[in-house]
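Asks: Here it is: the structure, laid out below.
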Amino acid sequence: MNAPASQINNTRSDAYRGATPPGMVPKVRSPDFEFPDDLPRYWWDNDPAKTLLLAALSSSFPPGEKFFIDSVRHYQDQITDPELKTAIRAFIGQEAHHSKEHKVMNGFLEDRGVGLGRLEREVQWFMDWMRKRFTPERQLAHTVAVEHFTALMAEEFLLKFDALDEMDPRIAPVWAWHAIEESEHKAVAYDVYKSVGGSEFIRVTEMMVVSVVFPLFSTIHLIQLMKADGQLGNLKSWASGLNYMWGKPGVFRRLIPSYLKYYSPNFHPWDNDARELVEKAKKRWLPESLRG
């Protein structure tokens, strides 16, 4: 039986990424996705709720990724470990490309009548509010918490279950690429936080904040998009989506044990080692030039 990541490499002399597998430095990729004019309006399982949930999440990525980059970059000069410094640069590169590609996707969907601009502005307002009200330490803790959420969703939701297979094959690679990179860099912000001596109290309490804010924004934005699309009363779509997330297969319900591990003082993102899952996804969804 493999030891938990938190028990691996504990003899490494530097504080760098204690439990992160050696050599686990994210690869910066530069995809150039195109979105065809004949893409179905509901491109995930022909279902409004599922499709618009991901569209709502996509609207948050451009302002959110910029916040994550800034929160990590603030501490960049305090990091001495060369591998972590390299990982930080890769993290920034990956997040910048996520913002760029989702900005293109959001514009494409906006042109098709999906009102993501308003949602993006609401998220930007909240990011700006946190910049003014939160200390740099808590801003980084916020990034660490959200990165845990997004990594879980990427690994357990997009890569492990059949969500990508249910999507139109011309848009699925965007989500596969994003999920792969979320898993690759899932520990970078955490390792920076630990390396600079971030408070455990702030790390844990900020996850409590994120655990309210993240689902709240996602739900409100989904309702807004469903209403604008004339689907607010589509009980079949709502029931199907709720069943998928919380019933059977219940992908969100299955995230709960991994989510709760975050509150352990011995937590590390690489306790959930999804490298094998990610490698399979690379071979299936990414062109060879982007696999790395």
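Asks: What is the P(r) of the range 202-292, as percent of Cα-Cα pairs per 5 Å bin from 0?
Replies: Result, from short to long distances: 3, 10, 12, 15, 16, 16, 16, 11, 2, 0 percent.
Asks: What do you get for the angle between helix 200-228 and the principal long axis of the chain? Use alpha-carbon atoms, 0 to 90 degrees, nearest ten.
Replies: Result, in degrees: 10.
Asks: Using amide H atoms built 1.01 Å from N in the peptide plane, name the residues 5+ places from MET167, or on other chains, whose amide H lies under 5 Å from its own.
Replies: ASP45
Asks: Additional query: Find how many whole Å separate the alpha carbon centroid of the range 189-203 from the alpha carbon centroid of the range 97-124.
Replies: Here the two parts' Cα centres lie 31 Å apart.
Asks: Ok, one more. What does the convex hull of the alpha-carbon atoms of the chain project to on average, in nm²? Display every interim value, and only then the final one.
Replies: Numbers: hull surface 59.4 nm².
If you wrap the Cα atoms of the chain in a convex hull and average its projections, you get 14.9 nm².
Asks: I've got another one for you. Sort GLU110, GLU155, GLU34 so that the residue with the fewest other Cβ atoms within 10 Å of its own Cβ comes first and the one with the most comes last. Can you show the working numbers first?
Replies: On the way: GLU110 16, GLU155 23, GLU34 7.
In order of increasing Cβ crowding within 10 Å: GLU34, GLU110, GLU155.
Asks: Would you kindly derive the ³J(HN,Hα) couplings of the range 20-26 from the backbone phi angles with the Karplus curve 6.51 cos²θ - 1.76 cosθ + 1.60 (θ = phi - 60°), listing them in order in whole Hz, with x for Gly and Pro?
Replies: Result, rounded to whole Hz: 5, x, x, x, 7, 10, x.
Asks: To the nearest 500 deg cm²/dmol, what mean residue ellipticity at 222 nm is calculated for the chain from DSSP H runs of n ≥ 4 alone, each contributing -39,500 (n - 2.57), summed and divided by the residues?
Replies: Values: 12 runs with 177 residues, N = 292.
About -20000 deg cm²/dmol.
Asks: Show me the three semi-axes of the equivalent ellipsoid for the range 48-123, from the C-alpha gyration tensor (sqrt of 5 times each eigenvalue), largest first, rounded to whole Å. List each step's numbers first, then the result.
Replies: Details: eigenvalues 188, 24, 17 Å².
In descending order the semi-axes read 31, 11, 9 Å.
Asks: Sticking with this one: For the range 153-170, what does the Karplus curve 6.51 cos²θ - 1.76 cosθ + 1.60, with θ = phi - 60°, yield as ³J(HN,Hα) per residue in whole Hz, taken in order and with x for Gly and Pro?
Replies: Coupling constants for the range 153-170: 5, 5, 6, 8, 9, 7, 8, 7, 8, 9, 4, 5, 5, 7, 7, 4, x, 8 Hz.
Read-outs throughout are calculated quantities, based only on the coordinates presented, and are distinct from any laboratory measurement. Please read all numbers here as calculations on a predicted model, not as lab measurements. Cβ atoms come from the backbone with ideal geometry, glycine included; neighbour counts cover every protein chain shown.
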